[in-house]
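Just below is one structure, and these are the notes that go with it.
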Amino acid sequence: QLQLVESGGGLVQPGGSLRLSCAVSGFTVDNYAITWFLQAPGTEREGVACIRTNDGCTYYTDSVNGRFTISRDNAQNTVYLQMLSLKHENTGVYYCAADLLQKIYYSGYYVPFDAPKYEDWGQGTQVTVSP
């Protein structure tokens, strides 16, 4: 089982930027999907960005494409989410989740933003975008 610890959240004005970090420990094989989810008040957790540890392939939800960048520092075992041009709708709790790649499939399709597929979650970090 992996341990994930998020940090870097805070209050930022619209148009501002933040970088979230997810420190990951407990890797036994290098074949995981690590995904950032956003839970806005009163809503379900929604996938924002995902990175695959085996090949570095990344995925983004349409609303953040071009503004957010997910990356990984292998030496630090840390996954980052760089967020630019933040909007009010980016407000909420950001969670880091991880699981083995072979578990993130449905009917043969890779489903990186399917939250119930992930077993390991961090505690979340709050991001508030407000004037």
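Regarding LEU86, is this residue crowded, with 18+ Cβ neighbours inside 10 Å, farther than 17 Å from GLU6 by Cα and of a type outside the set (Phe, Trp, Tyr)? Yes; evaluated as a whole, the condition is true for this residue.
Search region 62-88 for residues that are free of Cβ contacts under 8 Å to residues at least 60 places away in the same chain and pair each with any residue that is part of a strand (DSSP E or B) and among the polar types (S, T, N, Q) when their beta-carbon atoms are under 6 Å apart and the residues are at least 6 apart or on different chains. Matching pairs, first to second residue: THR69/GLN82; ILE70/THR58; THR78/SER21.
Checking each residue in region 78-93 for being among the polar types (S, T, N, Q) and in contact with a Phe, Trp or Tyr (Cβ under 7 Å, 6 or more places away or on another chain) picks out only GLN82. Scan region 34-74 for residues that are more than 10 Å from the chain's Cα centre (by Cα), closer than 17 Å to LEU2 by Cβ and buried (at least 19 other Cβ atoms within 10 Å of the Cβ) and the total you get is 2.
Taking region 43-95 as the region of interest, the strands (runs of 3 or more DSSP E) fully inside it that hold 2 or more residues being more than 14 Å from PHE113 (Cα to Cα) and either in contact with a strand residue (DSSP E or B) (Cβ under 8 Å, 6 or more places away or on another chain) or of a type in the set (Lys, Arg) (or both) are 68-73, 78-83.
Number of residues in region 1-32 that are in contact with a helix residue (DSSP H, G or I) (Cβ under 8 Å, 6 or more places away or on another chain) and modelled with pLDDT of 95 or more equals 1.
The values are calculated or read from the model by the stated rules, or taken from the named source; none is laboratory data. Computed from a predicted structure; not experimentally measured. A quick note on method: Cβ atoms are made from the backbone with ideal geometry, for glycine too, and the neighbour counts reach across all protein chains shown.
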